[in-house]
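The values are calculated or read from the model by the stated rules, or taken from the named source; none is laboratory data. Keep in mind that what you see is a predicted model, and the values were worked out from it rather than measured. Cβ placement follows ideal geometry from the backbone for every residue including glycine, while neighbour counts extend to all protein chains displayed.
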Amino acid sequence: MTGLRACARRESLTDWRAAVRGAARDSVRDVGGSGLVLLAVATAALCAWMMVPLAFLAPGPLALAVTAVDVRREGRHRQTGARRAEREFIP
């Protein structure tokens, strides 16, 4: 799971070690996202097991799921930052 999350990170293009460290940190901090990635892996494995010709299609939905979890995490991070800025703003 950490390997899949590392592949979706931007750092994976230049620095794999940083991508794996960040993915491991995200796997622990974002338990819901880790559950979604695990569910995507299980679904891909089940589809590949049920219909072997679908095995070569499994990486596409996995990449989509991992990217969606990463975007979801970034959106939540921005949202909490915006809320904090609203609380600190005194007119």
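Here are a few things to note about the model shown:
- Residue list for the range 19-56, filter: touching a helix residue (DSSP H, G or I) at 6+ places or on another chain (Cβ under 6 Å) and either over 20 Å from residue 72 (Cα atoms) or not in a helix (DSSP H, G or I) (or both): 30, 44, 47, 48, 54, 55
- Among the residues of the range 54-72, the one identified as among the charged types (D, E, K, R) and under 12 Å from residue 8 (Cα atoms) is 70.
- Exclusive hit being within 12 Å of the chain's Cα centre (by Cα), hydroxyl-bearing (Ser, Thr, Tyr) and modelled with pLDDT of 85 or more, set 43, 14, 67: 67
- Those residues of the range 1-54 which are closer than 14 Å to residue 69 by Cβ, β-branched (Val, Ile, Thr) and surrounded by 15 or more Cβ atoms within 10 Å (Cβ to Cβ), in sequence order: 2, 37, 41
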